[in-house]
Amino acid sequence: MTDNKKVKFASPDWVEIARGVLEDLVREHGQEGHSFSVCEVFTDAPVEIADEDGFAAWNFYIDGKSVRVGSGRVVDTDVQIQATWELVLPVARLVYTPELLAEWAKNPPERPTDPNASQLGDMTMVPPYLMELHNRLAVVTQ
């Protein structure tokens, strides 16, 4: 994938890695007739990856066994997520193990208040295999 090279979270290189991971996962686990899309927007992003408004964003659209991935903000996705880049970074780097998830179920972690955090859409639509997307990206996220 990247030969252990770390890339800046939500950067164009990171989105390209996400594209490859998603293509593999959707090819293996996608189901005909099932679609899902998301746009993640990160406020106060570093200038080298931010748009003119200070946002870094990416999106993807799964349709059966195919996926389309892009950079930038879109509004036509099933789920819209927004967070402050710096505050979400530790979570983006964290691999979700079964042990960690079990611990969080018993003792939910305290997270810093994010004045930019919002989530719209039905998170029950998220295909379960997308946790693997997160974990594969976590290990390459700088």
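The values are calculated or read from the model by the stated rules, or taken from the named source; none is laboratory data. In this text, all values refer to a predicted model and were calculated from it rather than measured experimentally. For neighbour counting, all protein chains shown are included, and Cβ atoms are generated from backbone atoms with ideal geometry for every residue, glycine included. Calculation scope for accessible area: heavy atoms of the full protein, side chains included, ligands and nucleic acids excluded. Shrake-Rupley method; radii C 1.70, N 1.55, O 1.52, S 1.80 Å.
Can you give the relative contact order of the chain as a percent, counting alpha carbon pairs under 8 Å and 6+ residues apart?
Values: 233 pairs, mean separation 43.2, N = 142.
Result for the chain is 30 percent.
Helix-derived [θ] at 222 nm for the chain: sum -39500 (n - 2.57) over DSSP H runs of at least 4, divide by residue count, nearest 500? List each step's numbers first, then the result.
Details: 4 runs with 44 residues, N = 142.
One gets -9500 deg cm²/dmol as the mean residue ellipticity at 222 nm.
For the stretch 1-54, report the convex hull volume of the alpha-carbon atoms normalised per residue, in Å³, without decimals. Show your work: numbers first, answer last.
Details: hull volume 4.9 nm³, N = 54.
That works out to 91 Å³ per residue.
Would you mind telling me the share, in percent, of accessible area of the stretch 1-41 contributed by carbon and sulfur at probe 1.4 angstrom? Please report the intermediate quantities before stating the final value.
Values: 910 of 2230 Å².
C and S fraction of accessible area: 41 percent.
What accessible area per residue comes out for the stretch 56-109, rounded to a whole number of Å², with a 1.4 Å probe?
Values: 2970 Å² over 54 residues.
On a per-residue basis, 55 Å².
Identify, among GLN142, VAL91, THR113, the residue whose Cα sits farthest towards the positive end of the charge dipole of the stretch 72-142, taking +1 on the Cβ of Lys and Arg and -1 on the Cβ of Asp and Glu, with the dipole about the Cα centre.
GLN142
Longest segment of the chain with no GluC sites (Glu not before Pro) in a DSSP loop having at most 13 other Cβ atoms within 10 Å? Numbers along the way, then the final one.
Working: sites that count: GLU32, GLU48, GLU52, GLU110.
Between exposed loop sites, the widest span is 53-109.
Restricting to bridges with both residues inside the stretch 1-125, how much of the DSSP beta-bridge set is antiparallel, in percent to the nearest 5? Please report the intermediate quantities before stating the final value.
Numbers: 17 of 23 bridges.
Taking every DSSP beta bridge within the stretch 1-125, about 75 percent pair in antiparallel fashion.
With the chain treated as a Gaussian network of Cα nodes joined by springs under 10 Å, which of ALA18, ALA45, ALA102 yields the largest mean-square fluctuation?
Checking each option, the largest mean-square fluctuation is seen for ALA102.
On average over all directions, what projected area in square nanometres does the chain have, based on the convex hull of its Cα atoms?
Averaged projected area of the chain's Cα convex hull equals 8.8 nm².
Could you tell me which residue out of GLY20, TRP58, GLY70 lies farthest along the dipole of the stretch 1-111 toward its positive end? Charges go on the beta carbon: Lys and Arg +1, Asp and Glu -1, centred on the Cα centre.
GLY20
Give the aspartates and glutamates reachable from LYS5 as a straight Cα distance under 14 Å; neighbours fewer than 8 places away on the same chain don't count.
ASP13, GLU16
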